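Read the structure below first, then the notes.
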Amino acid sequence: MCGARRRITRPPIPLPRLHRRRTMAEMEASLLRQFPLLLPQNRAKTVYEGFISAQGRDFHLKILLPEDLQMKNARLLCSWQLKTILNGYHQIVQQRMQHSPDLMSFMMELKMVLEVALKNKQELYAPPPPPQFYSSLMEEIGTLGWDKLVYVDTCLSTIKLKAEDASGRKHLITLKLKTKYPTESPDCVVDFPVSFSVSWTPQSSLISIYSQFLAALESLKAFWDVMDEIDEKTWVLEPEKPTRSATTRRIALENRASINIEVDPRHPTMLPECCFLGADHVVKPLGIKLSRNIHLWDPENSLLQNLKDVLEIDFPARANLEKSDFSMDCGICYAYQLDGAIPDQVCDNLQCGQPFHQICLYEWLRGLLTSRQSFNIIFGECPYCSKPITLKMSVRKS
């Protein structure tokens, strides 16, 4: 009896091997696109030789790979020019080689390191400015007034000037001059809540920058007046030492609650963004008052007075409260900030009032067998006092 003819088929190549081949081919194609001057020197592709380009210059190098093509066991041979430029970066290059998954990734890392090294070398050996740079700069400072100068470095490349606004607040501006000054505008560093861009031409000088600085101070006077009044007449929980650029304040209220406001620097007397922090039975009535009385907001009044009128409250003085009453660290992760979120979920039990991050409380309640969920609301027990607690999950804006 003749048996049926058996069809003999070639066993398929395992998927992982196919994937490896495809990945290698993709890497080699990317390498050729990004570094066309670096070519394999043998069939096994364990030796690559050629050039790496950075800032318009080509540098010769050679890379020896082991048979398994793992970068952690590779060797990098540099020309003397490349070796000179990378002097001081040897440890960084070795670290990049140890952690790069393939040659393409390492070459991208090496190019980034090379560009940084070239930039630093250029800055180190940049020619000094001509003598007229120093003489004209001294003349400008003299015209501006030496009493306004706070600091100048030995190279005259960094200058700090001071000024007072109409309310007597002191401000600083730091100028970082470039070698082509005044053809190129200096970099300006200020402690402002908004960006500070200077109008500059090759005919401009320190005097023109200082005039623009004073104009900016005048435009922000109303904002700083508002923030100073809040700092003086309320208990600001955060930030503890606010800078002039800070636009937010978390202000203590009664009953272990607080309000976080964000003030618009351009319209400081308008209604700020408000977020109440505390137990529901305390903050919900405040939210209702805010909605009900919003028509009472008068931009002619100070922001603090408007908050008092709209919320129908007096802000308590620091002397009447304890800092521990406003501890806002999450009771689960023991941190305040978590991926930009603050502990805005608070136990409603009067004897507890412990705050939690929404995600921390969600993970906690989800792990309890006694918790139950209805749509986006979870009912469970407080991790601290074991009293009932409700969590309404909301989608955070990205």
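The values are calculated or read from the model by the stated rules, or taken from the named source; none is laboratory data. Note that the structure is a prediction, hence the values are computed from the model and not measured. All Cβ positions, glycine included, derive from the backbone under ideal geometry; neighbour counts span all protein chains shown. The protein model used for the area step is the full one, side chains on, heavy atoms only, and it has no ligands, DNA or RNA in it. Shrake-Rupley method; radii C 1.70, N 1.55, O 1.52, S 1.80 Å.
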How large, in Å, is the range 126-193 by the Kirkwood hydrodynamic radius built from its alpha-carbon pairs?
-> 13.1
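Quick one: work out Rg over Rh on the C-alpha atoms of the range 244-294, Rh as Kirkwood radius.
Values: Rg = 11.9 Å, Rh = 11.8 Å.
With Rg and the Kirkwood Rh in hand, the quotient comes to 1.01.
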If you roll a 1.4 Å probe over the chain with all protein chains in place, what percent of the accessible area is carbon or sulfur?
-> 53
List the lysines whose alpha-carbon lies under 16 Å from that of K119, not counting same-chain residues fewer than 8 positions away?
-> K83, K111, K178
For the range 196-322, the percent of all C-alpha pairs falling in each 10 Å bin, from 0 up to the bin holding the max distance, is 11, 38, 28, 12, 8, 3, 0
Compute the accessible area per residue over the range 103-227, keeping the other protein chains in place, probe 1.4 Å, unit Å².
-> 53
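How many percent of the alpha carbon pairs in the range 28-100 exceed a separation of 13 Å?
Working: 1842 of 2628 pairs.
Result for the distance tail: 70 percent.
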Per Stokes-Einstein, at 37 °C and 0.692 mPa s, what whole-number D in µm² s⁻¹ belongs to the range 73-217, with the Kirkwood radius over Cα pairs as the hydrodynamic radius?
-> 176
For the chain, what's the radius of gyration and Dmax over Cα atoms, in angstrom?
-> 32.3, 116
With springs connecting C-alpha atoms under 10 Å apart, model the chain as a Gaussian network and identify which of D309, D58, D298 has the largest mean-square fluctuation.
-> D58
Non-local residues with an amide H under 5 Å from the amide H of T158, with H modelled 1.01 Å from N and Pro and chain starts lacking one, are D153, L177
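Need one word for the range 349-398: rounded, prolate or oblate. Basis is the Cα gyration tensor (sqrt eigenvalues a ≥ b ≥ c); a/c below 1.5 gives rounded, then a/b vs b/c decides. List each step's numbers first, then the result.
On the way: a/c = 1.94, a/b = 1.31, b/c = 1.48.
Oblate, since a/c reaches 1.5 and b/c is not below a/b.
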Total charge dipole magnitude, the chain, about the Cα centre, Cβ charges on Lys, Arg, Asp, Glu only, Debye to nearest 20 = 3140
Rounded to the nearest 10 Å², the accessible area of V190 at probe 1.4 Å | 40
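Step through the table entries K45/K121; K62/K121; K233/K284; K162/K241, compare each Cα-Cα distance with 26 Å, and write down the pairs that go over it.
Among K45/K121; K62/K121; K233/K284; K162/K241, the Cα-Cα distance tops 26 Å for K45/K121.
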Note, ³J(HN,Hα) from phi for the range 286-292, Karplus 6.51, -1.76, 1.60, rounded to Hz, x at Gly and Pro | 5, x, 5, 4, 4, 5, 6
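Cβ neighbours within 10 Å, averaged per peptide: list 108-114, 28-34 in order, most packed at the top.
Values: 108-114: 18.0, 28-34: 14.1.
In decreasing order of mean packing, 108-114, 28-34 become 108-114, 28-34.
Using only DSSP helix segments of four residues or longer, with each worth -39500 (n - 2.57), what per-residue ellipticity at 222 nm results for the chain after dividing by its residue count and rounding to 500? All intermediate terms of the calculation are to be shown ahead of the outcome.
Details: 10 runs with 131 residues, N = 398.
Value at 222 nm, helices only: -10500 deg cm²/dmol.
Got the relative contact order for the chain handy, in percent, Cα pairs under 8 Å and 6 or more residues apart?
Details: 513 pairs, mean separation 25.2, N = 398.
Computed value for the chain: 6 percent relative contact order.
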Return the whole-Å distance between the Cα centroid of the range 214-284 and the Cα centroid of the range 371-394.
-> 31
Starting at 0 and stepping by 10 Å, how many percent of the alpha carbon pairs of the range 143-274 end up in each bin?
-> 11, 37, 27, 17, 7, 1, 0
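Quick one: compute the contact order of the range 144-294, relative version, from alpha carbon pairs under 8 angstrom and 6+ residues apart, as a percent. Provide the component values of the computation, followed by the final result.
On the way: 201 pairs, mean separation 20.0, N = 151.
Reported relative contact order: 13 percent.
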Across bins of 10 angstrom width beginning at 0, how are the C-alpha pair distances of the range 257-398 distributed, in whole percent?
-> 10, 35, 33, 18, 4, 0
